[in-house]
Amino acid sequence: MDSHLRIAVYPGTFDPVTNGHLDLIKRGLRLFDKVIVAVGKNPSKMPLFTLEERLEMIKETACIDHRVEVAKFDGLLVDFARSKGAGAILRGLRAVSDFEYELQRALMNRKLDRGIETVFLMTGFRWIYISSTIVKEAAQFGGSLEGLVPPVVEQRMREKYRHSAGLNGSRNPV
């Protein structure tokens, strides 16, 4: 591994990956030579997609650029970042409410490893209202996902909700 590479880890559950996530990855590549999308398990969340499905969807949508790597992780984020040679953790901020939560995490990560910085990027205005949770709610009730997630993710969400919620797929998107 080239020790001169500027590597950032972009962690999350990505359940599912949204266009907002992809925008942050693309913008992160302007600052870093490599962005590692780290898909983690969050014990406080009940994901719609399995870890393997989330990894696969991110690989299908974000790995168009060879500077993007997708990996799963479990445990402390700073340990994962260190093992990958990353000097930064990349995080997106949508609103003031995100800031307090993200600040606490950044300060804890800094206490655990002072050699890894947290870099915050403001979410692009176009994506400021999007979250995986909101996208799942829209999909669950047959709402349009156009422009919110990549087409392959929308298709998988429709299939998942059709099978798990008994939707027959004949409902028109709102």
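The values are calculated or read from the model by the stated rules, or taken from the named source; none is laboratory data. Predicted, not measured: the structure shown is a model, and the values here were computed from it. Because the Cβ atoms are built from the backbone with ideal geometry, glycine has one as well, and the counts that use them run over all protein chains shown.
Reported count of residues in region 12-34, each being within 12 Å of the chain's Cα centre (by Cα) and either among the hydroxyl-bearing types (Ser, Thr, Tyr) or farther than 24 Å from Ala138 by Cβ (or both), is 2. Restricting the first member to region 120-144 and to residues that are assigned to a helix (DSSP H, G or I), and the second to residues that are small (Gly, Ala, Ser), the beta-carbon pairs closer than 7 Å and six or more apart or on different chains are Trp127/Gly20; Gln140/Ala165. For region 30-48, the criterion of being among the basic types (Lys, Arg) and surrounded by 15 or more Cβ atoms within 10 Å (Cβ to Cβ) is met by at least one residue.
Of the listed requirements (1) touching a Phe, Trp or Tyr at 6+ places or on another chain (Cβ under 6 Å); (2) in contact (Cβ under 8 Å) with a residue 24 or more places away in the chain, Pro150 misses just one: (1).
Listed here are the residues, each with its yes/no results for (1) in a strand (DSSP E or B); (2) surrounded by 15 or more Cβ atoms within 10 Å (Cβ to Cβ); (3) at pLDDT 95 or above; (4) of a type outside the set (Lys, Arg).
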position	(1), (2), (3), (4)
Met1	no, no, no, yes
Tyr10	yes, yes, yes, yes
Asp15	no, yes, yes, yes
Leu24	no, yes, yes, yes
Asp65	no, no, no, yes
Ser97	no, no, no, yes
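Here region 68-79 is the region considered, the condition is being part of a strand (DSSP E or B) and of a type in the set (D, E, K, R), and the residue that is nearest to Ile25 (Cα to Cα) is Glu69. If you filter region 46-63 down to residues that are over 14 Å from Asp15 (Cα atoms) and in a helix (DSSP H, G or I), you find that the one that is nearest to the chain's Cα centre (by Cα) is Ala62.
Tell me, yes or no, whether region 50-66 has at least one residue that is within 28 Å of Ala139 (Cα to Cα), free of Cβ contacts under 8 Å to residues at least 40 places away in the same chain and polar (S, T, N, Q). Scanning region 50-66, I find at least one residue that is within 28 Å of Ala139 (Cα to Cα), free of Cβ contacts under 8 Å to residues at least 40 places away in the same chain and polar (S, T, N, Q), so the answer is yes. Criterion applied to Arg91, Arg114, Arg82 was being charged (D, E, K, R), out of contact with any Cys (no Cβ under 9 Å at 6 or more places or on another chain) and in a loop (DSSP other than H, G, I, E, B), and the one residue passing it is Arg114.
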